[in-house]
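This report refers to the structure that appears directly beneath it.
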Amino acid sequence: MLHVEYNSRIMRILYLQTFPFWGSGSGTYARHLASEIGKRHKVAILAPDIRPIERCKLYSVELPFPVAFTGHPEWPDCKLYTDLSNKGIWEIYDAYLRATIKAVEDFKPDIIHAHHAFPTAWLAAFIKDTYNINFVVTIHGSELPTLEKDRRYYQRTFDSMYRAKRIFPNSGYTRDWFLRIFKGNFHEKCRVIPGGVNIEKFVYSESGAKAVDKELNLHGKPVVVFAGKLTKYKGVEYLVGAAKNIHGEVVILGDGPEKARLMEKAKQLNLTNVHWVGHKGAGVKKLVPYYSRADVFVAPSIWDEPLGLVILEAMACQTPVVVTRKGGIPLAVKEGFNGLFVKSRNSTDIVAKVNKLFDNETMRLKMGQNARKSVEEKFSWELIGKKFEDRYLTYAKKTNGSANPLPQTTIPKQ
């Protein structure tokens, strides 16, 4: 049994999120963390979304236009931060700031947790300066290319990191990347805390797998699944390039700016084994059936993926993974234990590793069992939430009368 003890003080925590709750890794991270912490504390979240989160008060912010770092499937026509005019940056900041001030006035948080180094950390720094409420920041990694390319975001982000009590990169690679950008500053503030998985909901589903068989006519066929944003960073073109020689079917979940080009490539290669499912929208129930049906999950990222929560979700559903050794992915994947690594930008290697698992059922099933075990032991939201809770308790205000006792709680290992 795994015992997790919690401090008895109830806090009020306000989260600031940059994107909708579904369709991106940071959105998934933000909603699951808020819901987990909400089991023991008063929690609110401000985000450009209107969909409710369990155990969490929502403050919805209406943006003048959607904008993302690398694109977003729920905002197919969104602008990119690198393309904003100077006025556009101000318009986004102003919308977030006005909404944040209203949320702070109403919710009266003891501490703020900002997701992404900007623009939400800018808001938290303003609140720190004016309301004297401490804040921490999670660095998800997707914001870092923008910080490297566009210096307009650098100085204000530097100032915000200076004011933050703690900075939580989601992997060791994300931490090192962040520190390179800021020339080693803030090293003493950084503590790596990865994302997690709801291990009670992301569980292998035989009925879900059968439903996917019926939907896509996959009965008796080996299946590879990819899920994520269809951007160049994700390297899906190399999975498409491998498809003709894969001994099975390829199912691609997701939308994005690369989808039309990828579909055209599949057409030019005369592929008949690629299924384009599209973005499945909100809800664990819509993803678990595909993870469960997958014999192998492939994530062929060509950039330094901060971590890749879809990889953890697939692993939780007992699916072995074939991934590139990029960024924070090795934090979860161990060669030959719960998955296999492939060379970046290499369709031939994808073919070899996927077919290796297809052709060896004993190896494939054992890796799937190990994948589930890995997630249970290192990436459950109960464990991740406890790490954050300890930090909140250290830095939260102690003047809001938020000192009601909580009973000691234990969480059994699943």
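All of the numbers you see were taken from the coordinates with simple rules; none came from a lab. Predicted model only: the values in this text are computed from it and were never measured. With ideal geometry, Cβ positions are generated from the backbone for all residues, glycine too; neighbour counts draw on all protein chains shown.
Please say if the stretch 1-102 is rounded, prolate or oblate, where rounded means a/c under 1.5 for a ≥ b ≥ c the square roots of the C-alpha gyration tensor eigenvalues, and otherwise the choice is prolate for a/b larger than b/c and oblate otherwise? Prolate, because a/c is 1.5 or more and a/b exceeds b/c. Applied to the stretch 205-218, the Karplus parametrisation 6.51 cos²θ - 1.76 cosθ + 1.60 on θ = phi - 60° returns per-residue 3J(HN,Hα) values of 10, 5, 5, x, 4, 5, 5, 5, 3, 5, 4, 10, 6, 10 Hz, with x for Gly and Pro. Within the listed set 26, 344, 85, the Gaussian network model of the chain (springs between alpha-carbon atoms below 10 Å) gives the highest mean-square fluctuation for 85. If the segment from residue 267 to residue 365 were pulled out straight at 0.36 nm per residue, it would be longer than the present Cα-Cα gap by 32.0 nm.
Could you pull out which residues in the stretch 48-74 have an amide N less than 17 Å from a spot 7 Å beyond the Cα of residue 286, following the Cα-Cβ vector? Answer for the stretch 48-74: 49-54, 72-74. Near residue 227, the amide H atoms lying under 5 Å from its own belong to 253; only residues 5 or more places off or on other chains count, and H is placed 1.01 Å from N.
For residue 15, the residues whose amide H sits under 5 Å from its own are 44, 45, 46, 113, ignoring neighbours fewer than 5 places away on the same chain, with H placed 1.01 Å from N. Considering only the chain, what is the antiparallel percent among its DSSP beta bridges, to the nearest 5? Bridges in the chain are about 5 percent antiparallel. Here r is the Cβ-Cβ distance between residue 152 and residue 191 and R0 is 35 Å; the resulting FRET efficiency, rounded to 0.05, is 0.80.
Less than 5 angstrom separates the built amide H of residue 140 from those of 116, 117, all sequence-distant by 5 or more or on a different chain.
Inter-label distance, residue 260 to residue 232: 1.7 nm, where each label sits 7 Å from its Cα along the C-beta direction. Pairs 57/285; 234/353; 87/397: which exceed 28 Å Cα-Cα? Exceeds cut-off: 87/397. Under the rule a/c < 1.5 gives rounded, and otherwise a/b versus b/c splits prolate from oblate, where does the stretch 147-192 land using the Cα gyration tensor? It is oblate, given that a/c is not under 1.5 and a/b is not larger than b/c.
Contact order, relative form, for the stretch 206-377: 24 percent (alpha carbon pairs under 8 Å, 6 or more residues apart, mean separation divided by residue count). Mind sorting out which of [x] 0.92; [y] 1.03; [z] 0.98 is the real Cα Rg over 2.2 N^0.38 Å computed from the coordinates? Answer label, from the structure shown: [z]. Each Cα pair under 8 Å and six or more residues apart adds its separation to the average, and for the chain the resulting relative contact order is 19 percent.
Applying the Karplus relation 6.51 cos²θ - 1.76 cosθ + 1.60 with θ = phi - 60° to the stretch 43-57 yields 3J(HN,Hα) values of 10, 9, 9, 9, 7, x, 8, 10, 7, x, 10, 4, 6, 8, 7 Hz, where x marks Gly and Pro. Could you let me know the centre-to-centre spacing of the stretch 172-206 and the stretch 60-133, using Cα atoms, in angstrom? Going from one Cα centre to the other spans 21 Å. Sort the stretch 206-377 into rounded, prolate or oblate with this rule: let a ≥ b ≥ c be the square roots of the eigenvalues of the Cα gyration tensor; rounded if a/c is under 1.5, and if a/c is not under 1.5, prolate when a/b is larger than b/c, oblate otherwise. Rounded. The string of couplings for the stretch 136-143 from the Karplus curve (6.51, -1.76, 1.60, θ = phi - 60°) is 10, 9, 9, 9, 8, x, 5, 7 Hz, one whole number per residue in order, with x for Gly and Pro. Residues considered: 83, 349, 213. Largest GNM mean-square fluctuation over the chain, using C-alpha springs under 10 Å, is found at 83.
If only the Cβ of Lys and Arg carry +1 and only the Cβ of Asp and Glu carry -1, the dipole of the stretch 206-377 around its Cα centre is close to 220 debye.
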